[in-house]
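Trainee: Mind looking over this structure? Questions follow.
Just so you know, all these numbers are worked out from the coordinates, no wet-lab data involved. What you see is a predicted model, and the numbers here were worked out from it, not measured in a lab. Please note: Cβ atoms are built from the backbone with ideal geometry, for glycine as well, and neighbour counts cover all protein chains shown.
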Amino acid sequence: MSIYCDVAPGHEWHGPYHDAEYGFPLTRDDELFERLVLEINQAGLSWLTILKKREAFHTAYRGFDPEVVARFGARDVKRLLGDAGIIRNRLKVAAAIANARTILALRDSHGSFHAWIAVHHPRPKAEWVRLFKQTFRFTGGEIVGEFLMSTGILPGAHRESCPVYRKVLKAKPMWRKG
């Protein structure tokens, strides 16, 4: 997504995300879960909308702790659907809760969400999309592709000429290992 390297630097919201997060490897379940939830919620909307609502998402989804979100019930769904600070979409809320439960199952089978990803790495994007669709809810090609690029699993977050590209390389993204 090289165009992001042209428009994000210096932008109030996109700039900090582009310069310090986008494409950098994530390994903790809460970080990976947050990025998955945010990418799912971005579907049909702008990334700027998500960045502006990010703190509200963090609060609403209790720090993106999969163990906490996996226990969400009907009252939590009602609370989330009434929270104007986040995206109030029933399918996206249900996907977040179901995906938290899936991450707990992946912890049981692989030790962590990241370990599950590592077991399946490397593979082409189309195979990742198929795997995510079989494993998680509300995960199409764009969502999975952005999730994988934004977390350092697949390349493409930055142009090689972007100064952040070198910083990402130093952080040892998974795509460099495959």
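Trainee: Within the stretch 47-85, track down each residue that is under 25 Å from Ala105 (Cβ atoms) and not in a helix (DSSP H, G or I).
Mentor: Residues satisfying the conditions are Tyr61, Asp65, Arg71, Phe72, Gly73.
Trainee: Related question: Which one of the conditions (1) under 23 Å from Trp47 (Cα atoms); (2) of a type outside the set (Lys, Arg); (3) over 14 Å from the mean Cα position of the chain (by Cα) does Gly140 fail to meet, given that it meets all the rest?
Mentor: The one condition Gly140 does not meet is (3).
Here is a yes/no grid of residues against (1) closer than 14 Å to Ala8 by Cβ; (2) in a loop (DSSP other than H, G, I, E, B); (3) in contact with a His (Cβ under 9 Å, 6 or more places away or on another chain):
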site: Arg123; (1), (2), (3): no, yes, no
site: Ala126; (1), (2), (3): no, no, no
site: Lys133; (1), (2), (3): no, no, no
site: Arg137; (1), (2), (3): no, yes, no
site: Ile143; (1), (2), (3): no, no, no
site: Phe147; (1), (2), (3): no, no, no
site: Ile153; (1), (2), (3): no, yes, yes
site: Gly156; (1), (2), (3): no, yes, no
site: Tyr165; (1), (2), (3): yes, no, yes
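Trainee: Taking the residues in the stretch 1-40 that are among the hydroxyl-bearing types (Ser, Thr, Tyr) and surrounded by fewer than 18 Cβ atoms within 10 Å (Cβ to Cβ) as candidates, determine which candidate is farthest from the chain's Cα centre (by Cα). Walk me through it before giving the result.
Mentor: Taking the stretch 1-40 as the starting set, the residues that turn out to be among the hydroxyl-bearing types (Ser, Thr, Tyr) are 2, 4, 17, 22, 27.
Remaining after also requiring surrounded by fewer than 18 Cβ atoms within 10 Å (Cβ to Cβ): 2, 27.
Working: Ser2: 19, Thr27: 12 Å.
Across the stretch 1-40, the extreme among qualifying residues is Ser2.
Trainee: A follow-up question, please. Of (1) crowded, with 21+ Cβ neighbours inside 10 Å; (2) touching a residue at least 60 places away in the same chain (Cβ under 8 Å); (3) of a type outside the set (Ser, Thr, Tyr); (4) closer than 23 Å to Gly44 by Cα, Ile86 satisfies all except one. Which?
Mentor: So Ile86 meets the others, but not (2).
Trainee: Same structure again: Across the stretch 104-157, what is the total count of residues that are within 23 Å of Cys5 (Cβ to Cβ), among the small types (Gly, Ala, Ser) and touching a residue at least 24 places away in the same chain (Cβ under 8 Å)?
Mentor: Here the count works out to 4.
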